[in-house]
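S.K.: Attaching a single structure in structure tokens format; questions to follow.
The values are calculated or read from the model by the stated rules, or taken from the named source; none is laboratory data. All of these numbers come straight from a predicted model, not from anything done at the bench. All Cβ positions, glycine included, derive from the backbone under ideal geometry; neighbour counts span all protein chains shown. Remember, those area values only see protein heavy atoms, side chains included, never the ligands or the DNA or RNA. Shrake-Rupley method; radii C 1.70, N 1.55, O 1.52, S 1.80 Å.
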Amino acid sequence: NTGLPNFFLFEDRLQMAINMEKDKPQSEMAKMAVVALSIDNIDAFEALQIEDVLYKKLAYQLALVLDKRCTVARGLKYPFWFLLSVGADEASLEDSVSKIREILDAGLSDDFNKYDLEYSLGIAVFPVSAPSAKKLVQLTIQAVEQAKQDGNNVVRL
């Protein structure tokens, strides 16, 4: 158990945040990003039976470095989902994604070994990419799959 909210709570928080913004003129809507993280080499961790340790360590590290206003959750299709607030200049999104990538690029260590992580991140931004929670999640999944297919670490739709 990572201690993180599950995906259903994540979806609920996302829908609530969007509902609060929908009555505003588009120029006044707060931007928010949905980010999904796929650990592409998870099979190696499963073979060693350490995927739970991996998820716990990542959850702890991610929760420490990201803004307290963001939601980090365990996912269904991918192990981690993020709901991030995005400023008008999107610098906060770039900063958050950079922090996530730093943790992933550093890999994880236990007392004896260092483990490299292969990952893909997908990003969709409300209201720029999509006007609804369901569509944002779908686009985020599409972005992760495109990142995997293209060999890029990050794809934003």
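S.K.: Would any residue of segment 105-133 have its amide N under 13 Å from a label point 7 Å out along Cα→Cβ of Val53? List them or say none.
M.R.: Inside the label zone: 108-116.
S.K.: With charges only on Cβ, +1 for K and R and -1 for D and E, what is the dipole size of segment 3-157 about its Cα centre, in debye, rounded to 20?
M.R.: Working: 17 positive and 23 negative charges, 115 e Å.
The calculated dipole for segment 3-157 is roughly 560 debye.
S.K.: Over segment 1-58, what percent of the accessible surface lies on carbon and sulfur atoms, probe 1.4 Å?
M.R.: Details: 1710 of 3420 Å².
Here carbon and sulfur together make up 50 percent of the probe-accessible area.
S.K.: Ok, one more. Once you've got the Cα coordinates, tell me which of Lys24/Lys56; Lys68/Lys134; Lys22/Lys56; Lys22/Lys57 are over 32 Å apart.
M.R.: In this structure, Lys24/Lys56; Lys22/Lys56; Lys22/Lys57 lie more than 32 Å apart at Cα.
S.K.: Which chymotrypsin sites (Phe, Trp or Tyr not before Pro) does segment 59-157 hold that lie in a coil by DSSP with at most 15 other beta carbons within 10 Å?
M.R.: Values: sites: Tyr60, Phe80, Trp81, Phe82, Phe112, Tyr115, Tyr119; in loops: Phe112.
For chymotrypsin sites (Phe, Trp or Tyr not before Pro) across segment 59-157 that sit outside H, G, I, E and B with at most 15 neighbouring Cβ atoms in 10 Å, the list reads Phe112.
S.K.: Measure nothing but the geometry: give the 0 to 90° angle between the long axis through the Cα atoms of 7-22 and the longest principal axis through the Cα atoms of the chain, rounded to 10°.
M.R.: 20
S.K.: 7 Å from Cα along Cα→Cβ at both Ser98 and Lys24: what's the point-to-point distance in nm?
M.R.: 2.5
S.K.: Here's a follow-up. What longest range of the chain stays clear of loop-exposed trypsin sites (Lys or Arg not before Pro) (DSSP non-H/G/I/E/B, at most 10 other C-beta within 10 angstrom)? Before the final figure, lay out the partial values.
M.R.: Details: sites that count: Lys68, Arg69.
Here the longest run is 70-157.
S.K.: Residue by residue through segment 144-157, which ³J(HN,Hα) values in whole Hz follow from phi under the Karplus form 6.51 cos²θ - 1.76 cosθ + 1.60 (θ = phi - 60°), with glycine and proline marked x?
M.R.: Values, residue by residue: 4, 5, 5, 4, 4, 5, 7, x, 8, 7, 9, 10, 10, 10 Hz.
S.K.: What net charge is computed for the residues neighbouring Asn6, neighbours being all others with C-beta under 14 Å from the C-beta of Asn6, Lys and Arg scored +1, Asp and Glu -1?
M.R.: The answer is +1.
S.K.: Considering Cα pairs under 8 angstrom that are at least six residues apart, work out the relative contact order of segment 54-116 and quote it in whole percent.
M.R.: On the way: 51 pairs, mean separation 16.2, N = 63.
Computed value for segment 54-116: 26 percent relative contact order.
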